[in-house]
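This report refers to the structure that appears directly beneath it.
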Amino acid sequence: ALSVLAECHRLAKEGQWKELRQVLRRMLNEEGSGSSCYLCELLWNNFRGKEYGGLVWEILTDEYSRSQMTYDALYVLDKMNNLKHQSSISTYNRLMYSLRHTDIMLNLYKEILSKGVLPNLYTYCIVIDGLCKQHRLQDAVAFFEEIKGKGVRPCLVIFNALLSGFCSMGFVNVAMSLLSMMLKCGYFPDIYSYNTLIHGLCIAGSIERALDFCEDMERNGFALDLVTYNTMLNGLRISGLISEAWKFIQRMLLNGLFPNLITYTILISGHCQGGNIEEGMRIWKEMISQGYQLNVITYSVLLSSLCKRGLVDEAMKLFNEMEAMGLDPDFIVYCILIHGYCKKGDIERAIDVCKVMCSKKIMTNSFLHGSILLGMCKKGMMSKAVDYMDHLSRDGLLLDIVLYNIVIDGYVKTGDIEGAIGLYKQLLEAGLTPS
RNA sequence: GCACUUCAGAGCAGC
């Protein structure tokens, strides 16, 4: 690493940016996440005060962000701040983008302002989109007003981010009013705006309105693209109308568009949801024969429909197949399995899967624990349920009211009123409010 | 120069 860093300084001096990035990227790939502490120490001990040092630090931050090693990037940025090296706005933008789902995003924005770095339109857009993705619509709108007050002329992308925020929270009508406001101000929708609104209409269950909107779009000179079709197909799936899908597929093909992985996943999910697992499997096979590389989401669609039918063992087989293909199960995949076992009453297996998940450092959440507790209560395993709760609070998890309610209900159903009252007192002591 | 906005998966109690 030492010689690589020396090489980096040389490249920086010669202005060979691209090579510098490549060399660093390769090194980060080898060192992996968690290596920032070590690399920073090397830089500090061996290259302090060297010319172009600031540039090397900055690109190190940026390459960590690009390699999805976000916390390493933050670490390097922090060290840079100590050394009074300044980062450029694009480095900040990329890092904020990686962290747009978290509070850290806004902290970084404040840091930018306090250091006198000038935010650009990308920055504003990332903040607004991030706030929307965190479901903080009011904050997003407030931020929007704030930058307008500072004299920033918002771009269409910012409006699109807001449209998307409203739509995904189910406020299509608000999105529609925003659209008419946009038109009044001379902002004309692009394909992103149209697709976003069509999506909003679809998830609100308004397929008809979505179709009308597609026509509007075409009248305004935009051809429906693959995203539009996928969005419409997904709308059909949500409304339980997947049997109508063929009409759209036909139209798609006539327009020279071919289904992609997302299209197939929507179709499989739709058919499975409607109880037609056979058709789902047929499409699945068609997909494989077409040479598509299945991903975690495609698998989870099938896993969940198997579990819903109580075929958890089948699901487990598929799960193993998935891992053998080199796909890393994520939180949702584990949820599906755990939930499946709980509903079947096989709590031991559920907990086993949960342990495997935890050993992979995947965070659990309260929903999942609720599912496990409910499974225990349904089988009358009250002492196990209480142990589980104790175990959760020992691990520092704040038990919420629903978790208490589940176990209280369990006590009541087994006729143990004492136990129920005991828990009730406990939740009051914990400062919770009964619902 | 790169980077921002649109499409697919699961999910807890009681009533």
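We did not get these values from a lab; they are worked out from the coordinates using the rules stated. Worth saying up front: this structure is predicted, and the values here are computed from it rather than measured. Ideal geometry is used to build each Cβ from the backbone, glycine not excepted, and the neighbour counts take in all protein chains shown.
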(Q) If each DSSP helix of 4+ residues adds -39,500 (n - 2.57) and the sum is divided by the residues in chain A, what number results at 222 nm, nearest 500 deg cm²/dmol? (A) -23000 deg cm²/dmol
Q: Go through the stretch A:83-167 and name the trypsin sites (Lys or Arg not before Pro) that are in a DSSP coil and have 10 or fewer other Cβ atoms within 10 Å of their Cβ.
A: A:84, A:150
Q) Using every alpha carbon pair in the stretch A:128-198, what percent of pairs falls into each 5 Å bin from 0 up to the bin containing the largest distance? A) 4, 18, 29, 29, 16, 4, 0
Q. For chain A, which semi-axes, largest first and in whole Å, follow from the square roots of 5 times the eigenvalues of its Cα gyration tensor?
A. 40, 34, 26
Q) To the nearest µm²/s, what D does Stokes-Einstein give for the stretch A:286-409 at 4 °C and 1.567 mPa s, using the Kirkwood radius over alpha carbon pairs as Rh? A) 84
Q.
Run the numbers for residue A:114 and residue A:81: contour at 0.36 nm per residue of separation, minus the present Cα-Cα distance, in nm.
A. 10.7 nm
Q.
Averaging over every viewing direction, what projected area does the convex hull of the Cα atoms of the stretch A:105-225 cover, in nm²?
A. 7.8
**Q.** Inter-centroid distance (Cα atoms) of the stretch A:301-343 relative to the stretch A:107-122, Å
**A.** 43
Q. Expressed in nm to one decimal, what extension gain is obtained for the pair residue A:295 and residue A:180 from 0.36 nm per residue of sequence separation less their Cα-Cα distance?
A. 37.5 nm
Q.
How charged is the neighbourhood of residue A:241? Take every other residue with its Cβ under 14 Å from the Cβ of residue A:241, and add Lys/Arg as +1 and Asp/Glu as -1.
A. 0
Q: Within 10 Å, count the other beta carbons around each residue, average over each peptide in A:262-273, A:243-254, and list them highest first.
A: A:262-273, A:243-254
Q) Alpha carbon centre of the stretch A:134-159 versus the stretch A:19-74: separation in Å? A) 33
Q: Determine the alpha carbon to alpha carbon distance for each of A:150/A:184; A:110/A:360; A:115/A:184; A:18/A:360; A:308/A:425; A:247/A:308 and list only those over 31 Å.
A: A:110/A:360; A:115/A:184; A:18/A:360; A:308/A:425
Q | Cα-based reach from residue A:285 at 18 Å (exclusive), listing lysines while leaving out same-chain residues under 8 positions away | A | A:317
(Q) Give me the Å³ per residue figure for the convex hull around the C-alpha atoms of the stretch A:1-158. (A) 115
Q: Using Cα positions and a limit of under 19 Å, work out the aspartates and glutamates in reach of residue A:79, with same-chain residues fewer than 8 apart set aside.
A: A:31, A:41, A:51, A:58, A:62, A:63, A:111
Q) Which value, in Å³ per residue, describes the convex hull spanned by the Cα atoms of the stretch A:46-105? A) 78
**Q.** Share of Cα-Cα pairs in the stretch A:245-330 lying beyond 18 Å, as whole percent
**A.** 45
